[in-house]
Every structure is written in C-alpha cells, then in structure tokens.
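Structure first, then comments.
The numbers here are math on the coordinates, done by the rules we state, and not lab data. Because the structure is predicted, anything quoted here is derived from the model rather than measured. Cβ coordinates were reconstructed from backbone atoms using ideal geometry, including for glycine residues, and neighbour counts include every protein chain displayed.
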Amino acid sequence: MAYTYLIAGLVLFLGVHSTRVFANDWRNQTLARMGEKPFKGVYALASLAGFLLMLWGYGQARQQGVMLWNPPVAARHIAALLMLVSFVLLAATYVPGNQIKAKLHHPMVLATKVWALAHLLANGSLANVVLFGSFLVWSVMLFAASRRRDRREQTVYAAGTAGATAITVIVGMAAWAAFAFWLHRVLIGVSPFGAMSS
C-alpha cells in the first residue's frame, strides 16, 4: 500500500510540473478559462497534495527495507560530489546574470537530474529506486523537451558575467556544505558522511 501512495504522489507531483512542457496548449486553455489566480491556486494545491502523498508513501515504503543492492562506499563518495554539482546548478537558477544559466539554460532541471542520479548511486532500496528513478527519468525528459521548446521559440539567454558566476559557485558550495553536514540529518534523519564511515 505504501508504494501505491508513493507512485500516486509521484504521478500527481511530476504531472503537475510537466504541463507547461508536455501539455502547454491544454495549460493555456485552462489558464484562460479559469483565470490566473484560480489556476495558480489549483496548481499549488495539486503540487502540495502530490508532494505530501509522495513524502508519506516514501516514508512508509522506506521502513519496509526492501533492498535491491548494497551500494559500495565509493558510490557514496561519488554521490557527495554529484550533490555539490547539483547545488551549484540550483544556485545558478536564482543568481542573476551567471554564465552557467546562460550556457545550460535550464539549471533547475539539471540540478534535479544530478540530485536524482546521486541518490540512486548512494541508495539501493526499492523505495529509493522508485522515488529517485522517477525523478531521474522525468528530469531527462523535461530537459530534452525544454531545449526543444527553446529551439522552436528561438529563445535567447543573456550572456552571464564572471562575477555572477563566481557568486553562484560560492552560494552553491555553501548551501551544499550546510545541507551535507547539518540540514540533511535534521530534515531527513540521515547523515550523508556518517553513512560513508559505516
């Protein structure tokens, strides 16, 4: 039953976050019919419902302890490095005028892709494979679709500066350190580097 809730939450959460790319005509028609504020309200509620359902299902499924493989320690070290890349990409989404976003165009989606891959490498349980595998497949498809949309619409991204890029990297590294050494244990209940030493 736990996996039913996990999968349902994933379908709802990822489906809601896919409409602009995979169902843009339907999204525009619905937005015009409902109006911007009601549409955003429904969007937010559906996203929250999917997230909570996914989170609860994952928590229950993880307790079942169904293991598919035991990742080696080296995989966890690689995952830690990948997460550093993911946090820098995440920072590139928000720091204005950086060269990373100018070059890659969709750093948030790439950050999700790297995050999912890192967690797949470091975790071998069925619950983790379902959760992070779903996010990995979704982010790969979303990135490809987003780049196709950019080419179709001839989207031009402003060139970034070295200063903004340096700030992006520093912010990403600081966020990674805070999460790796403190917040991950507080929020998730698992210490990434503690797991490496076991």
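With 10 angstrom as the radius, rank His106, His184 by how many other C-beta atoms surround their C-beta, starting from the fewest.
Ranked by crowding around the Cβ, least crowded first: His184, His106.
How would you rank Phe39, Phe135, going from fewest to most other Cβ atoms within 10 Å of each one's own Cβ?
Least to most surrounded, the residues fall as Phe39, Phe135.
Let's test the formula: R0 of 22 Å, r as the Cβ-Cβ distance of Leu48 and Val190. What FRET efficiency results, to the nearest 0.05?
So the FRET efficiency works out to roughly 0.40.
For Val137 and Val73, FRET efficiency with R0 = 35 Å and r from the beta-carbon atoms, rounded to 0.05?
Between Val73 and Val137 the formula returns 0.85.
With unit charges on the beta carbon (Lys/Arg positive, Asp/Glu negative), name the residue among Pro192, His119, Met67 whose Cα is farthest towards the positive pole of the charge dipole of the chain.
Looking along the dipole axis, the top candidate is His119.
Can you find, among Leu136, Ser146, Ala92, the residue farthest towards the positive end of the dipole of the chain? Put +1 on the C-beta of Lys and Arg, -1 on that of Asp and Glu.
Selected residue: Ser146.
Would you work out the relative contact order for the chain, in percent, from Cα pairs under 8 angstrom that are 6 or more residues apart?
The normalised contact order for the chain reaches 25 percent.
Taking the Cα centre of segment 1-145 as origin, sum charge times position over the Cβ atoms of Lys and Arg (+1) and Asp and Glu (-1), and report the length of that vector in debye to the nearest 20.
The dipole magnitude comes to about 220 debye.
In which sequence would Asp150, Asp25 go, from the one with the fewest C-beta neighbours within 10 Å to the one with the most?
Least to most surrounded, the residues fall as Asp25, Asp150.
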